[in-house]
């Protein structure tokens with residue numbers, strides 16, 4: 001059996017838990033308990049979570065594990081168990097798992113009435129035939145009756161806070177949890193049949209997560225009853241927003257001439273991925289307008305998306321042949337009108353490969369699918385030797401308007 005250790009904490013109304021950590025960090029869990037309809041004081045289910053490690057002290061492989069949970073009246077004596085159940089296929093990810101005791105066999109009414117109890121756990125990994133008992137048993141100790149918090153910075157409480165509602169006013173945090181244990185510790189862990197942690201704010205952020213070594217917020221999805229429960233769900237008018245930029249790479253191969261007569265220029269794809277643009281007709285200076293269509297989300301997961309900047313890599317080796325203007329444009333809602341996300345009339349000419357970046361002014365405009373990148377090109381003459389090359393077109397999008 002390659003499972004070596006388990007780290008667990010159980011939280012129940014009216015009870016405190018003495019967790020055995022085997023040198024690992026403790027993981028906290030808080031959840032409202034289900035109660036029977038016959039007796040409002042009889043607990044029928046208890047939330048439970050823990051961690052599984054292999055012999056090398058690393059998290060076990062992800063998968064479905066089988067558990068046997070048993071309650072005894074003593075720490076080591078065999079005796080008759082007070083309660084037991086087997087749960088199959090409990091999902092373990094990165095060593096972490098969460099379940100509910102009493103999910104298969106309801107806990108007897110009154111079993112958690114205050115007398116000391118010991119919980120025994122055995123586990124069976126994927127493709128294993130037998131269960132391995134994890135020792136020692138975990139002791140549950142009767143705790144003080146919950147009372148209202150008295151406030152104060154850093155005050156400790158000898159009781160839990162199930163069912164309590166705290167109302168107050170603070171300039172920063174209503175509740176702050178700081179865990180200074182080594183890497184791997186968690187500040188707040190939430191588990192529930194419906195929701196683990198729920199956050200709401202009418203003006204700012206409902207839930208904020210920050211981590212120095214891993215993810216700030218982690219969500220787990222799972223299959224249940226043939227339906228997939230997503231890790232993160234924004235319902236109704238819920239919005240998922242990111243402060244990180246997104247880059248949309250436009251293919252130069254999609255560039256086209258904005259003119260009824262497409263024979264005025266030739267557009268030749270290059271082996272390296274760019275295109276060569278050649279003026280084919282006319283004498284003297286010619287002005288050509290070429291564009292690349294932009295099709296992307298105007299609203300992503302409920303959050304509006306704005307154009308932030310444009311980066312272009314190009315080459316125009318001929319004298320007096322150059323990019324006269326660069327714009328990122330959109331239809332303004334009329335039949336012929338044009339509006340600009342970015343409008344720049346700086347001439348761009350370089351005999352060598354070169355890139356330039358243009359920033360949109362703020363407040364930025366929401367992008368929509370009637371958008372395009374446009375190049376106003378000036379050619380000194382027609383034919384070979386006066387070509388313009390476009391290699392890279394990067395459109396940076398953001399969910400921040402300013």
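This table checks each residue for (1) in contact with a strand residue (DSSP E or B) (Cβ under 8 Å, 6 or more places away or on another chain); (2) at pLDDT below 95.
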{"site": "233", "(1), (2)": "no, yes"}
{"site": "237", "(1), (2)": "no, yes"}
{"site": "242", "(1), (2)": "yes, yes"}
{"site": "258", "(1), (2)": "yes, yes"}
{"site": "270", "(1), (2)": "yes, yes"}
{"site": "283", "(1), (2)": "no, yes"}
{"site": "292", "(1), (2)": "yes, no"}
{"site": "298", "(1), (2)": "yes, yes"}
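Of the conditions (1) within 20 Å of residue 48 (Cβ to Cβ); (2) at pLDDT 75 or above, residue 194 clears all except one; give me its number.
Status for residue 194: all satisfied but (2).
Quick one: residue 247 ticks every box in (1) surrounded by 13 or more Cβ atoms within 10 Å (Cβ to Cβ); (2) assigned to a strand (DSSP E or B) except a single one, so which number is it?
Condition not satisfied by residue 247: (1).
Look at region 366-385 and say how many of its residues are surrounded by fewer than 19 Cβ atoms within 10 Å (Cβ to Cβ) and at pLDDT below 95.
10
Please enumerate the residues belonging to region 76-94 that are touching a strand residue (DSSP E or B) at 6+ places or on another chain (Cβ under 8 Å) and exposed (fewer than 12 other Cβ atoms within 10 Å of the Cβ). Spell out the reasoning first.
Just the residues of region 76-94 that are touching a strand residue (DSSP E or B) at 6+ places or on another chain (Cβ under 8 Å), to begin with: 76, 79, 81-92, 94.
Listed by number, the residues that qualify are 76, 79, 88, 89.
Filter region 346-363 down to the residues that are outside any strand (DSSP E or B), within 29 Å of the chain's Cα centre (by Cα) and surrounded by 11 or more Cβ atoms within 10 Å (Cβ to Cβ) and list them by number.
Once the filter is applied, which keeps residues that are outside any strand (DSSP E or B), within 29 Å of the chain's Cα centre (by Cα) and surrounded by 11 or more Cβ atoms within 10 Å (Cβ to Cβ), region 346-363 yields 360, 362.
Which residues, taken from region 281-294, are in a loop (DSSP other than H, G, I, E, B) and loosely packed, with under 13 Cβ neighbours inside 10 Å? Break it down stepwise before answering.
Narrowing region 281-294 to residues in a loop (DSSP other than H, G, I, E, B): 281-285.
Those that are in a loop (DSSP other than H, G, I, E, B) and loosely packed, with under 13 Cβ neighbours inside 10 Å: 281, 283, 284, 285.
Within the group 316, 329, which residue is closer than 15 Å to residue 393 by Cα, touching a strand residue (DSSP E or B) at 6+ places or on another chain (Cβ under 9 Å) and surrounded by 17 or more Cβ atoms within 10 Å (Cβ to Cβ)? Full working, then the answer.
Numbers: 316 fails: closer than 15 Å to residue 393 by Cα.
Of 316, 329, the one residue that is closer than 15 Å to residue 393 by Cα, touching a strand residue (DSSP E or B) at 6+ places or on another chain (Cβ under 9 Å) and surrounded by 17 or more Cβ atoms within 10 Å (Cβ to Cβ) is 329.
The values are calculated or read from the model by the stated rules, or taken from the named source; none is laboratory data. This structure is a prediction, so every number in the text was calculated from the model and none was measured. Glycine also receives a Cβ, built like all others from the backbone with ideal geometry; neighbour counts cover every protein chain displayed.
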